[in-house]
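Please treat every number below as a calculation from the coordinates, not as lab data. As the structure is a prediction and not an experimental result, all values here were calculated from the model. Cβ atoms come from the backbone with ideal geometry, glycine included; neighbour counts cover every protein chain shown.
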Amino acid sequence: MGVKVMIPTPLRAYTDRKDSVVVDGATVGELLDRLTVNYATLKKHLYSDDGKLRNFVNVYVNDEDIRYLQHEQTKVSEKDVVSIIPSIAGGGVE
Amino acid sequence: MLRLNHTALHRIKLHAMQTYPEECCGVLIGRDDGERKTVCDILEIKNAKEENRARRFLITPEDYKWAEERAREEGVDVMGFYHSHPDHPARPSQFDLDHAVPWCSYIIVSVEAGLPAAVNSWVLMDDHSEFSEEQLDVLDGEFIRQCKQYQA
C-alpha cells in the first residue's frame, strides 16, 4: 500500500528535490520511518536526538493535524494524503 | 549566499518598524541555483503569536502553506523567512535555534528604539547545533526583473 506524502520546500533538499513521495505504511509513524529509510539524510532534520519530531514539524492526514488524531499511531490508507508542513517560530532573548 | 534587492530590504525594514515594539515576520520567496538563493519577493505574515509578540513570532502551518502555494503560483519557491528583534541584536536566539527549519535563510533585522538597525542572514548548520551567518548581497532592481534575469 502506498500513501502520498507531501514534502515542504525546506525538506526537498533531502528528498532529491521531490515535492511528494509515495511510501508504504499503515500508520503515520510507519510512513515517516519508511521515508527516513528511503531518504536517510532526512531523519536528522525531521527528528531531534531524543527521537521526537522536531518543533517545526507538523504532520497532517488530509487536513487534520495528527496531534488531534492518534499522533504517529494515526492509521492511514492509500486514499489519504499526508502532508509535512512547517510552522516557523522564533524571537529574541526573553 | 542570499541575494535580494533594495526594495525587498526596505519592505522588511518598514514591516519591522510598523510592528515595533512587537516582532514582525514574513516569508522570502525566490529561486535557488544550488550555490545561492535569490529572493524575488517577500510575503508579509501576521505574527500569529497570541502573547509576548515583543519577543516571539509564529508563522502557522496554515500561513506557511499559503505562502508555499503563493510561491508556486509565481513559479518560485520558499527560500526562507524574516523576522525582527526589537531592541535586540540581529542574531539568532536559542529559541530561534530550537525551532529552526533546515536549509532556509533566516533574515533577522534588529530594531533599536523603533528604527531598523543591523540586518543579517543566517542558515542552520546541518547538525542543527547552531546558525551560521551567510553573505547577504543587496542588489538594485525590481523583484520581477531580478527573477527574470535569474531565469535567463
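Once the Cα atoms of chain A are picked out, what are the Rg and Dmax in Å?
Considering chain A through its Cα atoms, Rg and Dmax are 13.1, 48 Å.
Over 20 Å between C-alpha atoms is what I'm after, so list which of A:LYS4/A:LYS75; A:LYS44/B:LYS65; A:LYS75/B:LYS49; A:LYS4/B:LYS46 land there.
The answer is A:LYS44/B:LYS65; A:LYS75/B:LYS49; A:LYS4/B:LYS46.
So how do B:GLU130, B:GLU23 line up by other beta-carbon neighbours within 10 Å, fewest first?
By the 10 Å Cβ count, ascending: B:GLU130, B:GLU23.
Can you give the net charge of the other residues whose Cβ lies under 12 Å from the Cβ of A:THR74, counting K and R as +1 and D and E as -1?
Within the 12 Å Cβ shell, the charges total -3.
Loop only per DSSP, at most 15 neighbouring Cβ atoms within 10 Å: give me the trypsin sites (Lys or Arg not before Pro) in the range A:1-93, ordered by residue number. Show your work: numbers first, answer last.
Working: sites: A:LYS4, A:ARG12, A:ARG17, A:LYS18, A:ARG34, A:LYS43, A:LYS44, A:LYS52, A:ARG54, A:ARG67, A:LYS75, A:LYS79; in loops: A:ARG17, A:LYS18, A:LYS52, A:ARG54, A:LYS79.
Listed in order of number, the matching sites are A:ARG17, A:LYS18, A:LYS52, A:LYS79.
Where does the charge balance sit around B:ALA113 when Lys and Arg score +1, Asp and Glu -1, over other residues with C-beta under 15 Å from its C-beta? Each step should come with its number before you reach the end.
Numbers: positive: B:LYS13; negative: B:GLU22, B:ASP87, B:GLU112.
That works out to -2.
Size of the protein assembly as shown along its principal axes in angstrom, Cα-based, largest extent first?
Extents along the principal axes, in whole Å: 54, 45, 29.
Quick one: B:GLU74, A:GLU78, fewest Cβ neighbours within 10 Å first, how do they rank?
Fewest-to-most Cβ neighbours within 10 Å comes out as A:GLU78, B:GLU74.
In the Gaussian network model of chain B, springs joining C-alpha atoms below 10 Å, which of B:GLU133, B:GLU73, B:GLU44 carries the largest mean-square fluctuation?
B:GLU73
Rounded to the nearest 500 deg cm²/dmol, what is the calculated helix-only ellipticity per residue at 222 nm for chain B, with -39500 (n - 2.57) per DSSP H run of length n ≥ 4?
Calculated from helices alone, the mean residue ellipticity at 222 nm is -8000 deg cm²/dmol.
For helix B:61-73, what angle does its Cα long axis make with the longest principal axis of chain B, in degrees from 0 to 90 and rounded to 10?
20 degrees
Specify the angular offset, from 0 to 90 degrees and rounded to the nearest 10, of the alpha carbon long axis of helix A:28-38 from the longest principal axis of the alpha carbons in chain A.
With both axes taken from Cα atoms, the answer is about 80 degrees.
Is the C-alpha gyration tensor of chain B telling us rounded, prolate or oblate? Criteria: a/c under 1.5 is rounded; beyond that, a/b larger than b/c is prolate, otherwise oblate.
Rounded is the answer for chain B, as its axis ratio a/c remains below 1.5.
What does the charge add up to near B:VAL78, with Lys and Arg as +1, Asp and Glu as -1, over the other residues with Cβ less than 14 Å from its Cβ?
My count for the surroundings of B:VAL78 gives -2.
Can you give me the C-alpha center-to-center distance between the range B:11-26 and the range B:103-133, rounded to a whole angstrom?
Cα centres, the range B:11-26 to the range B:103-133: 14 Å.
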